[in-house]
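Q: Once you've had a glance at the structure underneath, I'll fire off some questions.
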Number of protein chains: 2
Amino acid sequence: MQRRHFVGTLFAAPAVLKGAKRSFSYAEVERMLVTGEVRGRLTKDEIASPALLLDMDAFEANVAKMAAHCKQQQRALRPHGKTHKCPDIAKAMIRAGAVGACGAKLGEAEVFAANGVSGLLVTTAVIGKHKIERAIDLARKQPDTIFSVDNAQNVNDLDEAAGAARIRLNLAIDLFVSNRTGIIPGEPALALAQHIDRKKHLRLHGIQAYAGGASHVTGFEARQRRSLADMTPAVETRRLIEKNGISCPWLSGGSTGTYNIDSEIDGITELQPGSFIFMDIDYNRIGGKSGPVYQDFQNSLTVLTTVVSKPNDRQAVVDGGLKAFSTDKPFPPVAKDIEGMIYHWGGDEHGRLDVSNASREVKIGDRIEFMVPHCDPSVNLYDRIYRVRGDQVEGVWRIAARGVSQ
Amino acid sequence: MQRRHFVGTLFAAPAVLKGAKRSFSYAEVERMLVTGEVRGRLTKDEIASPALLLDMDAFEANVAKMAAHCKQQQRALRPHGKTHKCPDIAKAMIRAGAVGACGAKLGEAEVFAANGVSGLLVTTAVIGKHKIERAIDLARKQPDTIFSVDNAQNVNDLDEAAGAARIRLNLAIDLFVSNRTGIIPGEPALALAQHIDRKKHLRLHGIQAYAGGASHVTGFEARQRRSLADMTPAVETRRLIEKNGISCPWLSGGSTGTYNIDSEIDGITELQPGSFIFMDIDYNRIGGKSGPVYQDFQNSLTVLTTVVSKPNDRQAVVDGGLKAFSTDKPFPPVAKDIEGMIYHWGGDEHGRLDVSNASREVKIGDRIEFMVPHCDPSVNLYDRIYRVRGDQVEGVWRIAARGVSQ
């Protein structure tokens, strides 16, 4: 005891080396986070709210699980970058076995490419003179980039630009399998494949088929039926194109909701799920293979808030509102560690908490973490995501493509 | 004819000097916009979508109208910066007669201060060691900044920090007049005023009272009744504090929905409206003094999109979805120049347009401008706002406090 006490005293300063908690100034915290040099015990308490937190244990488990699933099922994994918009996250998944990353828009893919990510698939058609100009630049930088097309005029425009630039572009035919973009499966898609095949400066890589209508169907069996119905025409279109002598070795689809459905469908060669890394209230609600709550993946994403006002015993107000959370779903954020508390939207900058039945007292200055209704548009509100493990902050990752929807 | 043709030829190059339209590369456009040197005829067609546009004629008319109203009613105007988050817009309003700008959060006010805006009012309480540290820094930079408080402990914390820094902080008592933050009007507020009055390093500037519940009441008379009910306790609290020998010369309130109601109430000395500069579908729906559509101010704000897919004759898809528009209201964006077309949310990055009854044909590559459901959270999605006049782009303003809710 005597000796341990002595050793403890001897090494007590500097406290940071021992992991003992000390208090930092705001400027010190910012310096540590921006330089990435987090030393000692920086805890969540030191972060300015509202802030986006990533529980690294949960995140790493999610990535490992999806990577193992794809490996076992012999499908490529190209996670969708619109969920995270963060080159560091894209690279973490490539290290875990992903072949690259999807960008919903050209701009997102440009940010990934500028940060060293290859294996890019742009899932929205590149329309207009300027965007085609940028697509050519991107293909020069990352020649394995795949661009989606769904109409003949766009094919002509891309071929002309690629010819002028003396490069060859890889194209994916975007298929209308749900209810958004794409060309009609079957004969129309075949005609487009033939049109691409005749172009000198284009190469058909395969088919891009996102069944957005299937991914959020509630109940595993219903979701399975819907995804099969949506994806079968894609598989058949791929076969039709190949039967007509055009190489079409690749079909990319799938989502967090259908990853274990689509990977059972013969002919789908690649999955492009996004939300599984974070999860959200919306995905929790769709139901899993073995229960009413979908929890194949852990909720790794929260928004940290602070109680800034308590007008009366029933109501507390946190500093996160319409600008801190996605608002496109018909349900509000849910606190991670407090039961019986209800969040009501309180305008741009605040949330009103009904604490009448809260499982613990809520005071001014308290920090409360909330799960988000929908992860993608929530992440798009923040410039950085804090990497936390337990209570410790390991650092920040830049959400470099935040707001980049162009 | 012969002579005019000759002159035309003579001055044809460079075309930019003549105002003749020519086509720019993407890189040229970016260079012009970033340096602010827009030369010649840069039109909306050259902007990468989705993009936030500000119709300068409408914006300037809105600012002039509100400034004239406040001048005539002898009220100060301190427009709320949470709407625009743009130092250039704050400064444009100060040039038109505003006394400063509100920041919903400390971080917003910091961005305004760093860009030369004074007369700042922070409308959310500054809670926690780091935020108080930052508030002291802000007060050093802009000593006329006013900070809102609604509880005694926070008053103690601010006094202690101001004492240590050897400065004096200006405080506003945030009053619970609607249903969000603040202390209860009357005796509780008086006690807080007395508490502040006893502190050596604090100065009571007056009362901050935002009646968020009144601003969006539909129908002018109903709105008037609600605002009177909400704001009367604020006016009475101000009198009560003064009757008790404490100077309380200032009461700030009002919104775009109640500017012409609150400016009729004796005792309110300042208005802090925000949305009037832009307007949105939500405010249009609340009804005006003289009709069912509230149009005291013009809709100056739109989101420019491009049609990127047309899967069939009834449906076109634009490149603006949940990340391009606010989603907190139960109605979608509305096209500015096309009648009979319905926007349906199409996920993070797309909008599905039902064009069955559209007043004109909609083709791939078409550019469509939409009015936004709610201006504040829509603006918060973009890093820049394009200043347009008619079809011309005059330049961009940085939305420097975008995402700054801390």
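The values are calculated or read from the model by the stated rules, or taken from the named source; none is laboratory data. The shown structure was predicted, so the numbers you read here are calculated from the model rather than taken from an experiment. FYI the Cβ positions are ideal-geometry reconstructions off the backbone, even for glycines, and counts take in every protein chain you see.
Q: In the set A:Ile281, A:Ile246, A:Ile277, which member is within 24 Å of A:Leu171 (Cβ to Cβ) and not hydroxyl-bearing (Ser, Thr, Tyr)? Please lay out each step first, then the result.
A: On the way: A:Ile281 fails: within 24 Å of A:Leu171 (Cβ to Cβ); A:Ile277 fails: within 24 Å of A:Leu171 (Cβ to Cβ).
Going through A:Ile281, A:Ile246, A:Ile277 in turn, just one is within 24 Å of A:Leu171 (Cβ to Cβ) and not hydroxyl-bearing (Ser, Thr, Tyr): A:Ile246.
Conditions (1) within 12 Å of chain A (Cβ to nearest Cβ); (2) without any contact (Cβ under 8 Å) to a residue 40 or more places away in the chain; (3) touching a Pro at 6+ places or on another chain (Cβ under 6 Å); (4) not hydrophobic (A, V, I, L, M, F, W, C), marked per residue:
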residue	(1), (2), (3), (4)
B:Phe370	no, no, yes, no
B:Asp376	yes, no, no, yes
B:Gln392	no, no, no, yes
B:Ile399	yes, no, no, no
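Q: Determine whether B:Ile338 is within 13 Å of chain A (Cβ to nearest Cβ) and either at pLDDT 95 or above or in a loop (DSSP other than H, G, I, E, B) (or both). Outline the logic, then answer.
A: Values: within 13 Å of chain A (Cβ to nearest Cβ): no; either at pLDDT 95 or above or in a loop (DSSP other than H, G, I, E, B) (or both): yes.
Taking the combined requirement at face value, the residue does not satisfy it.
Q: Since B:Ser359 meets every condition but one in (1) surrounded by fewer than 18 Cβ atoms within 10 Å (Cβ to Cβ); (2) more than 13 Å from chain A (Cβ to nearest Cβ); (3) part of a strand (DSSP E or B), which condition does it not meet?
A: (3)
Q: Same structure, new question: Can you work out which of the residues in segment A:43-84 that are in contact with a strand residue (DSSP E or B) (Cβ under 9 Å, 6 or more places away or on another chain), of a type in the set (D, E, K, R) and over 30 Å from B:Lys129 (Cα atoms) is surrounded by the fewest Cβ atoms within 10 Å (Cβ to Cβ)?
A: Among them, the one singled out is A:Lys71.
Q: Go through segment A:292-331 and count every residue that is more than 9 Å from every other protein chain (Cβ to nearest Cβ) and surrounded by 18 or more Cβ atoms within 10 Å (Cβ to Cβ).
A: Going through segment A:292-331 one residue at a time, the tally reaches 14.
Q: Quick check, is A:Ser148 on the phi < 0 side of the Ramachandran plot, in contact (Cβ under 8 Å) with a residue 60 or more places away in the chain and within 12 Å of chain B (Cβ to nearest Cβ)? Step through it out loud before you land on a result.
A: Numbers: on the phi < 0 side of the Ramachandran plot: yes; in contact (Cβ under 8 Å) with a residue 60 or more places away in the chain: yes; within 12 Å of chain B (Cβ to nearest Cβ): yes.
Yes: the conditions hold for A:Ser148.
Q: While we're looking at this one, here's another question. Among the residues in segment A:126-136, are any in a strand (DSSP E or B), acidic (Asp, Glu), in contact (Cβ under 8 Å) with a residue 24 or more places away in the chain and at the interface with another protein chain (Cβ under 10 Å from one of its Cβ atoms)? Working first, answer last.
A: Initial filter on segment A:126-136 (in a strand (DSSP E or B)): none.
No, there is no match, as no residue in segment A:126-136 is in a strand (DSSP E or B), acidic (Asp, Glu), in contact (Cβ under 8 Å) with a residue 24 or more places away in the chain and at the interface with another protein chain (Cβ under 10 Å from one of its Cβ atoms).
Q: Something else: So which residues in segment B:211-244 are touching a Cys at 6+ places or on another chain (Cβ under 7 Å) and of a type in the set (A, V, I, L, M)? If you could, list the steps in order and put the result at the bottom.
A: Step one: filter segment B:211-244 for residues touching a Cys at 6+ places or on another chain (Cβ under 7 Å), giving B:238, B:241-242.
Answer for segment B:211-244, where residues must be touching a Cys at 6+ places or on another chain (Cβ under 7 Å) and of a type in the set (A, V, I, L, M): just B:Ile241.
Q: For residues that are touching a residue at least 40 places away in the same chain (Cβ under 8 Å), closer than 28 Å to B:Ala27 by Cβ and part of a helix (DSSP H, G or I), tally how many sit in segment A:71-113.
A: 8
Q: OK, next. A:Asp45 passes all but one of (1) of a type outside the set (A, V, I, L, M); (2) farther than 29 Å from B:Gly351 by Cα; (3) within 14 Å of the chain's Cα centre (by Cα); which number fails?
A: With (1) of a type outside the set (A, V, I, L, M); (2) farther than 29 Å from B:Gly351 by Cα; (3) within 14 Å of the chain's Cα centre (by Cα) applied to A:Asp45, the lone miss is (3).
Q: Please work out which one of (1) in a strand (DSSP E or B); (2) under 30 Å from A:Leu52 (Cβ atoms); (3) β-branched (Val, Ile, Thr) is the condition B:Thr327 fails and give its number.
A: (1)
Q: Another question, then. Quick check on A:Ile173: is it assigned by TED's automatic domain parsing to the domain that holds A:Thr237, touching a residue at least 12 places away in the same chain (Cβ under 8 Å) and either buried (at least 24 other Cβ atoms within 10 Å of the Cβ) or in contact with a Ser or Thr (Cβ under 6 Å, 6 or more places away or on another chain) (or both)? Walk me through how you get there before you give the answer.
A: Working: assigned by TED's automatic domain parsing to the domain that holds A:Thr237: yes; touching a residue at least 12 places away in the same chain (Cβ under 8 Å): yes; either buried (at least 24 other Cβ atoms within 10 Å of the Cβ) or in contact with a Ser or Thr (Cβ under 6 Å, 6 or more places away or on another chain) (or both): yes.
Considered against the rule, which asks whether it is assigned by TED's automatic domain parsing to the domain that holds A:Thr237, touching a residue at least 12 places away in the same chain (Cβ under 8 Å) and either buried (at least 24 other Cβ atoms within 10 Å of the Cβ) or in contact with a Ser or Thr (Cβ under 6 Å, 6 or more places away or on another chain) (or both), A:Ile173 comes out as yes.
Q: Also: For segment B:139-158, does any single residue satisfy the condition of being aliphatic (A, V, I, L, M), in a loop (DSSP other than H, G, I, E, B) and modelled with pLDDT of 95 or more?
A: The first filter runs over segment B:139-158 and keeps only residues aliphatic (A, V, I, L, M), leaving B:139, B:146, B:149, B:152, B:155, B:158.
Next cut, in a loop (DSSP other than H, G, I, E, B) only: none.
For segment B:139-158, residues aliphatic (A, V, I, L, M), in a loop (DSSP other than H, G, I, E, B) and modelled with pLDDT of 95 or more: absent.
Q: Now a separate question. Scan segment A:299-324 for residues that are more than 28 Å from the chain's Cα centre (by Cα) and part of a loop (DSSP other than H, G, I, E, B) and jot them down.
A: A:Asp313, A:Arg314
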